[in-house]
């Protein structure tokens, strides 16, 4: 049992026999003999080994390490499950926010289109001899020109986004 535990702990820490021997101030052959069951470490050496492996001496002497690994795997899988649930909730919240932002964007586009239709480009009747009116009129005209050409594309993209982000039940 001791020989198997030393070997399993050494491998789980990613140590070679040589590296473990250096940490314990012994020769590599000593580690090899312990792992083959040809000799056993004394009490002081057991304490040193347990410190290197950061495990209790009782684990070295008799507790089965593979069982504790199974418990560790179970704990890790439970933590991963919790993390996955949290990520799922975060993704749902993010999807819901994007969904409502796209609905708001569509609403704003519709409101602006209705406003532009009802106003019928009033800036066209302004006196453009006044420089301030000319600048403002050009700004309104530019906005209207760009909006009428780009807004339908954005509107269609938003409708598609709303469809893709809807909550599936």
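Throughout, read-outs are computed from the coordinates displayed, never taken from laboratory work. Small disclaimer: the values here were computed from a predicted structure and weren't measured. With ideal geometry, Cβ positions are generated from the backbone for all residues, glycine too; neighbour counts draw on all protein chains shown.
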Residues 49, 109, sorted so that the one with the fewest Cβ neighbours within 10 Å comes first: 109, 49
On Cα atoms only, tilt of 43-53 relative to the major axis of the chain in degrees: 10
FRET efficiency, residue 125 to residue 156 (Cβ-Cβ, R0 45 Å, nearest 0.05): 0.85
Taking 123, 128, 163 and counting other C-beta atoms within 10 Å, the order from fewest to most: 163, 128, 123
Whether region 91-165 is rounded, prolate or oblate, judged on the alpha carbon gyration tensor where a/c under 1.5 counts as rounded: prolate
Cα gyration tensor shape of region 2-63, rounded if a/c is under 1.5, else prolate or oblate by comparing a/b with b/c: rounded
FRET efficiency, residue 136 to residue 110 (Cβ-Cβ, R0 22 Å, nearest 0.05): 0.30
Helix 65-119 axis, angle to the chain major axis (alpha carbon atoms, nearest 10°): 0
Long-range tail of P(r) for the chain (Cα pairs > 21 Å, %): 70
Point-to-point label distance, residue 59-residue 43, nm (Cα→Cβ direction, 7 Å offset): 2.2
Efficiency of FRET between residue 33 and residue 78 - r from beta-carbon atoms, R0 35 angstrom, step 0.05: 0.30
Projected label distance in nm at residue 164 and residue 89, using a 7 Å step from Cα toward the beta-carbon: 2.7
Spatial separation of Cα centroids for region 1-31 and region 146-169, in angstrom: 63
Between 0 and 90°, nearest 10: helix 131-165 axis offset from the chain longest Cα axis: 50
